[in-house]
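Following: one structure in structure tokens, then a few remarks.
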Amino acid sequence: MSEPKPKRLGVLLSGRGSNFIAIADAIAAGSLTGCEIVCVLSNIADAPGITTAQQRGFATEIHVSKGVPREEHDARMAASLKAHAVDLVILAGYMRVLSPGFINAFPDRILNIHPSLLPAFPGLHAQLQALNYGTKFAGCTVHFVDEAVDHGVIILQKVVPVLDGDDEAALSARILEQEHTAYPEAIAHVLSGEYRAHGQRYLHIG
Ligand code: GRF
């Protein structure tokens, strides 16, 4: 029997792109199977992640968001993703709130990673929020995207300790290391077809 066609991932990023690189590396190394990255899109022209994507030979597109109405920008992004026939949309440091129109164009097919143990500390500077709150543990969350910011069914989380000597940079680095394994693992969970959402819970169905 022939192998099923790999699922097509479209990555959206605005910055450094280390999560994109981790996913691309996991696919290249064969630790994440059954999928391929078919396009990398950015709203920021000089995002370092888009330069890396170009250097690695991925199809890239830039749709500058500055000064463009949200709905219009999102419609351009959605059209690109549709043109690349993506199965899953992977937000990897994409620093934009998505419009309902975009979210509805890819129902249950948009994933995001956030550097906190949601529902704690949504929004910007999640790691600093954890430090300032004084939590003893922090971490990252990969979740499906719904219309609320940093909300939606949680696929998986990774936990790290918060150490007494931590500043924002040290804690962020410890979390980021976990992000880089969490995202490929979460994509594998979704692609496996072995998990289902029951309300807010994402459960293994065997
Ligand atoms: C990560 O911390 C991610 O959790 C958050 O934005 C950051 C993106 O980092 N959503 P990178 O661009 O993937 O290196």
*Under 5 Å, built H, 5+ apart or other chain: amide partners of L12*: L41, I90, L91, A92
*Points 7 angstrom from Cα along the Cβ direction at T51 and A197: gap in nanometres?*
3.7 nm
_Using the Karplus curve 6.51 cos²θ - 1.76 cosθ + 1.60 with θ = phi - 60°, what ³J(HN,Hα) values do you get for each residue of region 121-132, in whole Hz, with x for Gly and Pro?_
6, x, x, 6, 6, 4, 5, 5, 4, 5, 4, 5
*In debye, nearest 20, what is the charge dipole magnitude of region 1-107 about its Cα centre with +1 on Lys and Arg Cβ and -1 on Asp and Glu Cβ, if you could check?*
80 debye
*Evaluate the Kirkwood expression for the hydrodynamic radius of region 113-206, namely the inverse of the mean inverse distance over all pairs of different C-alpha atoms, and round to one decimal in Å.*
13.7 Å
*Within-11-Å neighbourhood charge of V153 [Cβ basis; K, R +1; D, E -1]*: 0
*Lys and Arg at +1, Asp and Glu at -1: add these up for the other residues within a Cβ distance under 11 Å of H180 and post the number.*
-3
*Based on the Cβ-Cβ distance from I205 to A120, what FRET efficiency comes out when R0 is 41 Å, to the nearest 0.05?*
0.90
*Summed side-chain charge close to S31 - residues other than S31 whose Cβ falls under 11 Å, Lys, Arg +1, Asp, Glu -1*: -2
*List every residue whose amide H lies under 5 Å from the amide H of L156, counting only residues 5 or more places away in sequence or on a different chain, with H placed 1.01 Å from N in the peptide plane.*
V142
_Translational D in µm²/s for region 46-139 (Stokes-Einstein at 20 °C, 1.002 mPa s, Kirkwood Rh from C-alpha pairs)_ = 139 µm²/s
*Set the Förster radius R0 to 25 Å, insert the Cβ-Cβ distance between E71 and L128 as r into 1/(1 + (r/R0)^6), and round the FRET efficiency to 0.05.*
0.20
*With each run of n ≥ 4 DSSP H residues scored as -39500 (n - 2.57), what mean residue ellipticity at 222 nm is computed for the chain after dividing by its residue count and rounding to the nearest 500 deg cm²/dmol?*
-11000 deg cm²/dmol
*For the chain, what is the largest minus smallest coordinate of the Cα atoms on each principal axis, given in angstrom and ordered from greatest to least?*
49, 47, 34
_Assuming a strict under-27 Å limit between Cα atoms, what lysine pair count do you get for the chain once near-sequence pairs (fewer than 8 apart, same chain) are dropped?_
5
*Working from the alpha-carbon coordinates of region 16-55, get Rg over Rh, Rh being the Kirkwood radius.*
0.99
*Once region 1-107 is represented by equal point scatterers at the alpha-carbon sites, with solvent omitted, what log10 I(q)/I(0) does the Debye formula produce at q = 0.10, 0.15, 0.22, 0.23 Å⁻¹?*
-0.27, -0.60, -1.21, -1.30
*Measuring from centroid to centroid over Cα atoms, what is the spacing of region 123-183 and region 17-48 in Å?*
20 Å
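Here, each number is a calculation from the coordinates, and none is a lab measurement. Predicted, not measured: the structure shown is a model, and the values here were computed from it. Cβ: placed from backbone, ideal geometry, glycine included. Neighbour counts: every protein chain shown.
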